[in-house]
Amino acid sequence: MIELAMRRGVHPPEGKLSAQKPIQDFPLPKQVVIPFSQHAGKPATPLVKKRQKVKTGEKIGEASGFISAPVHSSVTGTVKTLETVLLPNGSSALAAIITVEGEDQWAEPTWPVKELSSLTPDDLRTITREAGVVGLGGAVFPTSVKISPPKEYPIDSVIVNGAECEPYLTSDHRLMLEHTEEIFQAAQLLKMAVGAKRGYIAVEDNKRDAAEAFDKLVRGVADWEVVLLRTRYPQGAEKSLIKVILGREVPVGGLPFHVGALVQNVGTLYAVYEAAVKGIPLIKRVVTVTGEGVKEPSNFMTRIGTSARELLQAAGADLEAARKIIFGGPMMGMAVKSPDIPVLKSTSGILILSSVKKERVFPCLYCGKCVYACPLKITTTRLVKYIQAGMWDQAKAFGLFNCMECGVCSYVCPANIPLVHWIRYGKFMVRMMEAKQ
């Protein structure tokens, strides 16, 4: 086991209230709401209609392009209706609302289930695509696309991302402790699929028990190494991990395969294992329910489409006293107005804050703290000034789309300027104008 650390970033209070809480299977809800857009790229095309019966694991939405992913029913029941629903990021999407009817009746998988030793790279691409597996670390990028890099960019290193650097969240930590072997087997499959020579398992040192569990497992396994990272945010970002572990910088506008790397979150790897070994598509995930207003911080294995309200109630959240409900962690998560929003493939956690301090915003002090903390070395305040002035070409040239919206700049800003909010606004405006051209 080797120890490394990123140079930039911050270390906010961790708040890992649910770190010692084992994963619980959340009971079947009475109804699920399953949007057809839960991934990067084009939404899935609906395959079901009103009053249609569906089984657990049945494909209800087909991928509609290369960068897309199918969607499956997480329960057995009847499609009540198809309607547009609100998503955690404030956008809306068409969804299937399914009334649950009894226990699971499983649909047959639409991909071959074989012995792991007999799987080929093409088999794994088929499995991950048909099972709707996407990145569960936040980007929700289709895994089948991620493990199909252009031939001119060979992958030599696979990095298993177990950093989980967001405060409060512990879903990945619990998966690593309770499903260590399954995650490692899936990681070996991905390493085989892309033809990589080396594999690294990256875990931050506030989860040393998970790092030690992996270290015992890979000891003596050729070409695998556990990397213990000093706890630092946003160390779990792909570009940060690649820089710390491999010493390579992903170019502006580039992707990890441009520098010969593949990074995969541990939650995604567990989903790959479930699909390859058990024939189960991505219809459930671990969700951390936590925060100041939660009596029993918990980690729930939750069916996709379950209402956040049900999880919060099960964890003893005081919704009346809640000042803010956040899907995700406090640094990159999205605040929502209502708990009546479904759990998606991207929902790593639901955070309740019972006290929120509203800070007065001051003019920029030119202190440089945001520049020093930014892992991508972006001069954030100047970028925001371009956005505020509507100088879109200059903003793009200055790194607008290189920003990963980690929130470090806003966190360290003594003037309390909502830098990330401005950057998100800038990206929205530029994309909207480019779409009209």
Which condition breaks for residue 245 when tested against (1) in contact (Cβ under 8 Å) with a residue 40 or more places away in the chain; (2) in contact with a helix residue (DSSP H, G or I) (Cβ under 7 Å, 6 or more places away or on another chain)?
(2)
Can you name the residue in segment 357-376 that is in a loop (DSSP other than H, G, I, E, B) and without any contact (Cβ under 8 Å) to a residue 40 or more places away in the chain and is also farthest from the chain's Cα centre (by Cα) among such residues?
366
Which listed residue, of 345, 396, is assigned to a helix (DSSP H, G or I), charged (D, E, K, R) and touching a residue at least 24 places away in the same chain (Cβ under 8 Å):
396
Contact list, first residue from segment 411-437 and without any contact (Cβ under 8 Å) to a residue 24 or more places away in the chain and hydrophobic (A, V, I, L, M, F, W, C), second anywhere and part of a loop (DSSP other than H, G, I, E, B) and surrounded by 13 or more Cβ atoms within 10 Å (Cβ to Cβ), beta-carbon distance below 7 Å, six or more apart or interchain, is 420/405; 420/407
Lone unmet requirement of (1) within 15 Å of the chain's Cα centre (by Cα); (2) modelled with pLDDT of 95 or more; (3) not aliphatic (A, V, I, L, M) for residue 138:
(2)
Number of positions in segment 163-178 that are among the aliphatic types (A, V, I, L, M), in contact (Cβ under 8 Å) with a residue 40 or more places away in the chain and part of a helix (DSSP H, G or I)
2
When restricted to 271, 237, the only residue in the same structural domain as residue 332 (by TED's automatic domain parsing), modelled with pLDDT under 95 and under 18 Å from the mean Cα position of the chain (by Cα) is 237
Of the conditions (1) within 19 Å of residue 142 (Cα to Cα); (2) of a type outside the set (Gly, Ala, Ser); (3) modelled with pLDDT of 95 or more, residue 66 satisfies every one except a single condition; which number is it?
(3)
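The values are calculated or read from the model by the stated rules, or taken from the named source; none is laboratory data. Only a predicted model underlies this, so the values are computations on that prediction, with no experimental measurement involved. Note that each Cβ is placed from the backbone with ideal geometry, even for glycine, and that neighbours are counted across all protein chains shown.
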